[in-house]
Amino acid sequence: VEAENRGVEVVATTEDPVEVFDWSRWEIIREVLLMDGCQMPKRKQVPLLDTHYRGDTSSVIGSFRQMRVEDDSLIGRSFFSSVPEAEGPWTKLREGHLTDFSVGYRVHEYEWIDEGKTATIQGRRFEGPLRVVTRWVPKELSICPIGADERAKVRSESKPLPQPKEAKA
């Protein structure tokens, strides 16, 4: 955590399968975002939101920049604004209470694998049911209480929280 610029390096998402709601199937499915298919946004940054809320500008608490793919992960830096709405999430992150991030994205191409079937996509074998996203663009990153991707977290080491002192009898 860099207090001077209110920034922190994070894993935005990985190639681990996660559960998402599929609006065309009207059900929850497993999905993999292939990093080879990640297309960086033209503006080189996306909004940092509070828990994917897109209803108004108050949910924009900063921006996600310096994005890059490293192995099976999308990595970058989240910068928190100095607006009052960002203070709570920024403080909770620094104190170690909030650690999870979640990417919002637009799918451009994917392959669906039916249940009981397998498919080789870009030289890798996948088992269905699964949607394998082969081309996608990050649209936003959210700090959230519980992210779908278990590895989408703050990358920096944080100090352990102080433990409560035991009461003397």
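Considering only residues of region 54-83 that are free of Cβ contacts under 8 Å to residues at least 60 places away in the same chain and outside any strand (DSSP E or B), which is nearest to residue 16 (Cα to Cα)? Show your work before the answer.
Restricting attention to region 54-83, the residues satisfying the condition of being free of Cβ contacts under 8 Å to residues at least 60 places away in the same chain are 55-60, 62-63, 65-66, 68-72, 83.
This time we only want the ones that are outside any strand (DSSP E or B), so: 55-59, 71-72, 83.
Values: 55: 29, 56: 31, 57: 31, 58: 31, 59: 27, 71: 12, 72: 8, 83: 34 Å.
Going through the qualifying residues, I end up with 72.
The residues of region 18-37 that are touching a residue at least 40 places away in the same chain (Cβ under 8 Å) and open to solvent by 70 Å² or more (accessible area, probe 1.4 Å), listed by number, are 19, 30, 36.
Scanning region 87-145 for residues that are open to solvent by 80 Å² or more (accessible area, probe 1.4 Å), part of a loop (DSSP other than H, G, I, E, B) and over 19 Å from residue 33 (Cβ atoms) yields 95, 97, 114, 115, 117, 145. State all residues of region 42-91 that are on the phi < 0 side of the Ramachandran plot, at pLDDT below 95 and not small (Gly, Ala, Ser); if no residue qualifies, say none. Selection gives 42, 43, 53, 54, 56, 57.
Applying the selection to region 42-64, what residues are surrounded by fewer than 17 Cβ atoms within 10 Å (Cβ to Cβ) and either among the charged types (D, E, K, R) or closer than 19 Å to residue 137 by Cα (or both)?
Going residue by residue through region 42-64, those that are surrounded by fewer than 17 Cβ atoms within 10 Å (Cβ to Cβ) are 42-44, 51-58.
Passing the criteria: 42, 43, 44, 51, 52, 53, 54, 56.
The values are calculated or read from the model by the stated rules, or taken from the named source; none is laboratory data. Quantities reported herein were computed from a predicted structural model and do not represent experimental measurements. Glycine also receives a Cβ, built like all others from the backbone with ideal geometry; neighbour counts cover every protein chain displayed. Note: accessible area is taken over every heavy atom of the protein model, side chains too, but ligands, DNA and RNA are not part of it. Shrake-Rupley method; radii C 1.70, N 1.55, O 1.52, S 1.80 Å.
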